[in-house]
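Notes for the one structure printed next.
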Amino acid sequence: MWNERDEAQAGTAATAGRLVVISGPSGSGKSTLVRRLLARPELRLTVSVSATTRSPRPGEVPGRDYLFLTQEEFARIRQDLLESAVVHGALYGTPAEPVRRALAQGLCVVLVIDVQGGFQVREQVPDALLVFIQVPSLEVLETRLRVRGTDDEATIARRLTAARREIALADHYDIQVINDNLDRAVEELASILIQNGCGASKSHD
Ligand code: ADP
Ligand code: 5GP
């Protein structure tokens, strides 16, 4: 949970960072974009590690990619989550304490979460910046999901249906960025983040 005291602490510290939500359909390029942004020295960013009840995929590292929990473990930490939602049949949530600590250190904290979670964050932390990653078209999205090669046909079909639902809510976000060309989208996002207080040299933001 996030309360008024947290809000006041995060909001009044001289160096307090900004909470940045990044949402968009699966395959829109959120992870790729965030990886590229984290490598930019002109940005002062960290990314939140979510908890989930889904199983790890090959190559995913517990504690780095997600905190992989059982249903029971997830239920036990539920009150310590800033937001949570069921996405594609599994539970996901953002542990509040690491976010709180990073904000107090002046870092911008990126949450790569779905739109249900994004709306909960907006309720709890009204000055959070909500960014929606758009794809040029659903056809392009489908191609990217196939090229990524992590999902079977049924999963791809489910993700495309979910994508339509999420895209319909994009207008509620503060900013939309189209991930057409990767380099261009990274540049656009980097300058949005600098304009919103996430530059490494805050006095020059
Ligand atoms: P998400 O995290 O939103 O599910 P990913 O970052 O996994 O999406 O990207 C999905 C796939 O699309 C990956 O294979 C990635 O390399 C590719 N991709 C990301 N951005 C672009 C782009 N601008 N052009 C072409 N392919 C892209
Ligand atoms: P994946 O399992 O493919 O990594 O993620 C599936 C979806 O869950 C993506 O839309 C991702 O943004 C979302 N997601 C990941 N972590 C969280 C979280 O902590 N909270 C919410 N609400 N959604 C999340």
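Every read-out reported here was derived from the displayed coordinates using simple, explicitly stated rules and does not represent laboratory data. All values reported here derive from a predicted model rather than from experimental measurement. Don't worry about glycine lacking a Cβ; one is built from the backbone with ideal geometry, like all the others, and counts go over all protein chains shown.
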Expressed in angstrom and ordered largest first, the alpha-carbon extents of the range 14-199 along the principal axes are 49, 42, 31
With x for Gly and Pro, the residue-by-residue ³J(HN,Hα) of the range 32-49, computed from phi through the Karplus equation 6.51 cos²θ - 1.76 cosθ + 1.60 at θ = phi - 60° and given in whole Hz, is 4, 5, 5, 4, 5, 5, 5, 7, 8, x, 7, 10, 10, 10, 9, 10, 6, 9
Two pseudo-spin positions, 7 Å from Cα along C-beta at L67 and at L182, lie apart in nanometres by 3.1
For the range 14-199 the mean separation of alpha carbon contacts under 8 Å (6+ apart) over residue count, i.e. relative contact order in percent, is 35
For the chain, percent of DSSP beta bridges that are antiparallel (nearest 5) comes out at 35
Applied in sequence order to the range 180-187, the curve 6.51 cos²θ - 1.76 cosθ + 1.60 (Karplus, θ = phi - 60°) yields integer Hz couplings, x standing for Gly and Pro, of 8, 9, 4, 4, 5, 5, 5, 4
Share (percent) of C-alpha pair distances in the range 97-205 greater than 16 Å works out to 67
